[in-house]
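Here is the structure we will look at, set down as structure tokens.
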Amino acid sequence: MKTVIVVAFICKLLQQSIVTGEDNACKNGPPVNKGLWDCCNMPNLIDQDIRTECQQKYGEQTVKQAKLEGTPRGCCIAECQLNATGLYADGMVDREAMTSMFMDAVKDAPEWQPKVRDLLDECFRRAEANKDVIAAGAMLEPSFEGEKICHPISGAIMRCMNKNLYVMCPMENYYESPECNQLMDFYRMCNGQ
């Protein structure tokens, strides 16, 4: 679960839109060291082994990128995940294949099916609305030796899906605790970020 915490936090930092002073709490990331899956029994849209492998491959780079100012960088962890599943190529996410794969991930969880379906539409809509920032991130040059520049579209879609599924967590799937409540408050407050 620690991998999920790091991935969610780092990809969140890398995909930030420009925020105002009152949104600084959102820019700083979650206030607790808990992962989404630690607090909600929610579906794994991407296989855990793939998530772990991509975190190991790009985690160190992503930590360095999170400290950089300026245009948000693409999340190579998310791009790696979508590459491994065949959902991404050349700056494009295959929406039809993603919909099929994600709906298959919730085939035995009817309470999640409408949430996943509706969020796919919403997350692609948000990505389209932010296409200029996403395109700018894709055109960045490396800022340090060995940095790989990844297209921001993968992180934008996956961050949107995961954090919003968490916010929509049904009460019967939610693990009530002070830390989980803080995490829920954070994602509700930062929903548009």
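The values are calculated or read from the model by the stated rules, or taken from the named source; none is laboratory data. Bear in mind the structure is a predicted one, so any value in this text is a computation, not a measurement. We place every Cβ from the backbone using ideal geometry, glycine too, and count neighbours over all the protein chains shown. Please note that ligands, DNA and RNA were not included when accessible areas were found on the heavy atoms of the full protein model with its side chains. Shrake-Rupley method; radii C 1.70, N 1.55, O 1.52, S 1.80 Å.
In segment 89-133, what count of residues is obtained for those that are on the phi > 0 side of the Ramachandran plot and either open to solvent by less than 80 Å² (accessible area, probe 1.4 Å) or in contact with a helix residue (DSSP H, G or I) (Cβ under 7 Å, 6 or more places away or on another chain) (or both)?
The total comes to 1.
Among residues belonging to segment 143-175 that are among the aromatic types (Phe, Trp, Tyr) and part of a loop (DSSP other than H, G, I, E, B), point out the one that is surrounded by the fewest Cβ atoms within 10 Å (Cβ to Cβ).
For segment 143-175, the residue satisfying everything is Phe144.
Within segment 109-117, is even one residue in a loop (DSSP other than H, G, I, E, B) and closer than 20 Å to Glu53 by Cβ?
No - not one qualifying residue is present in segment 109-117.
State whether one or more residues within segment 133-140 are farther than 19 Å from Leu36 by Cβ, more than 18 Å from the chain's Cα centre (by Cα) and in a helix (DSSP H, G or I).
yes
Given the conditions (1) at pLDDT 90 or above; (2) β-branched (Val, Ile, Thr); (3) open to solvent by 30 Å² or more (accessible area, probe 1.4 Å), and given that Ile46 satisfies all but one, which numbered condition is not satisfied?
Tallying (1) at pLDDT 90 or above; (2) β-branched (Val, Ile, Thr); (3) open to solvent by 30 Å² or more (accessible area, probe 1.4 Å), Ile46 fails exactly one: (3).
Answer yes or no as to whether Gln81 is open to solvent by 30 Å² or more (accessible area, probe 1.4 Å) and either at pLDDT 95 or above or within 25 Å of Cys40 (Cβ to Cβ) (or both).
Answer is no for this residue.
Please find, among Glu141, Glu176, Glu147, the residue that is touching a residue at least 40 places away in the same chain (Cβ under 8 Å) and more than 18 Å from Ala127 (Cα to Cα).
One residue alone meets the criteria, Glu147.
From the list Gly59, Gly29, exactly one residue is open to solvent by less than 40 Å² (accessible area, probe 1.4 Å), under 26 Å from Met101 (Cβ atoms) and at pLDDT below 90. Which is it?
When all the criteria are applied, what remains is Gly59.
Is it the case that segment 64-72 has a residue that's open to solvent by 10 Å² or more (accessible area, probe 1.4 Å) and closer than 16 Å to Ile46 by Cβ?
The answer is no; no qualifying residue exists.
Quick check on segment 44-60. Is at least one of its residues closer than 25 Å to Ser143 by Cβ and in a loop (DSSP other than H, G, I, E, B)?
No, because not a single residue in segment 44-60 is closer than 25 Å to Ser143 by Cβ and in a loop (DSSP other than H, G, I, E, B).
Name every residue in segment 88-108 that is in a loop (DSSP other than H, G, I, E, B) and free of Cβ contacts under 8 Å to residues at least 40 places away in the same chain, in order of residue number.
Of everything in segment 88-108, those that are in a loop (DSSP other than H, G, I, E, B) and free of Cβ contacts under 8 Å to residues at least 40 places away in the same chain turn out to be Asp90, Asp94, Lys107, Asp108.
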